[in-house]
Ligand SMILES: Cc1cc2nc3c(=O)[nH]c(=O)nc-3n(C[C@H](O)[C@H](O)[C@H](O)COP(=O)(O)O)c2cc1C
């Protein structure tokens, strides 16, 4: 038997996804961090990724001002900091000061990278679409940097990197099958 879920629950049994921490910066030059579950690569050549950000987020206004973002991927060791960046707004707090995360300059864009994350995709917004209650920002990846220790040849060794996967605010990481 299969049961049909009500409208407000229709996304809930979808696949669990990777959690990322995007960095953004606005006209005042103060960078912010936002935790995102809505992240997806969408083109290989050119390299494009997309993120979904609700218009009411402080980060949404910074994206509109500057048009750049960095996708930083945290390991499960950063669960606490990642969670903080998902419950507090940069309108009210300095998430860098509160989490102790370290901003390091990016190679190609204004928002900084988060040093403690293991990979960083530096993106420039090339398209923005309103999709229901979120804006889909498509970003061209201008540079990618990664901690050497998490690479196996040219691929990410996910068992070493231990990215955060989440479903309904329950956090876990990957293991061998
Ligand atoms: C696991 C998780 C995933 C989230 N994913 C998104 C997302 O994809 N898009 C979004 O707009 N907000 C998402 N949020 C909520 C934002 O991270 C949260 O509202 C944050 O405080 C916004 O920060 P800001 O106001 O500084 O931009 C998510 C929250 C959690 C806990």
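List of remarks:
- Segment residue 11..residue 64, full-extension length gain: 16.4 nm, with 0.36 nm per residue of separation and the alpha-carbon distance subtracted.
- Equivalent ellipsoid semi-axes, the stretch 16-169, via Cα gyration tensor eigenvalues times 5, rooted, Å: 21, 18, 16
- Take the Cα of residue 102, step 7 Å toward its Cβ, do the same at residue 177, and the gap between the two points is 3.8 nm.
- Computed on the stretch 83-177, the Cα convex hull volume stands at 165 Å³ per residue.
- Extending 7 Å from the Cα toward the beta-carbon at both residue 131 and residue 94 defines two label points whose distance is 3.5 nm.
- The mean sequence separation of alpha-carbon pairs under 8 Å and at least six residues apart, normalised by the residue count of the stretch 16-169, gives a relative contact order of 28 percent.
- Distance from the stretch 104-155 to the stretch 1-28 (C-alpha centre basis), Å: 19
- Annotation: peptides 160-173, 78-91, ranked by per-residue average of other Cβ atoms within 10 Å with the highest first, follow the order 78-91, 160-173.
All of the numbers you see were taken from the coordinates with simple rules; none came from a lab. Everything quoted here is computed from the prediction, not taken from an experiment. Counting neighbours? That spans all protein chains shown, and the Cβs are built from the backbone with ideal geometry, glycine included.
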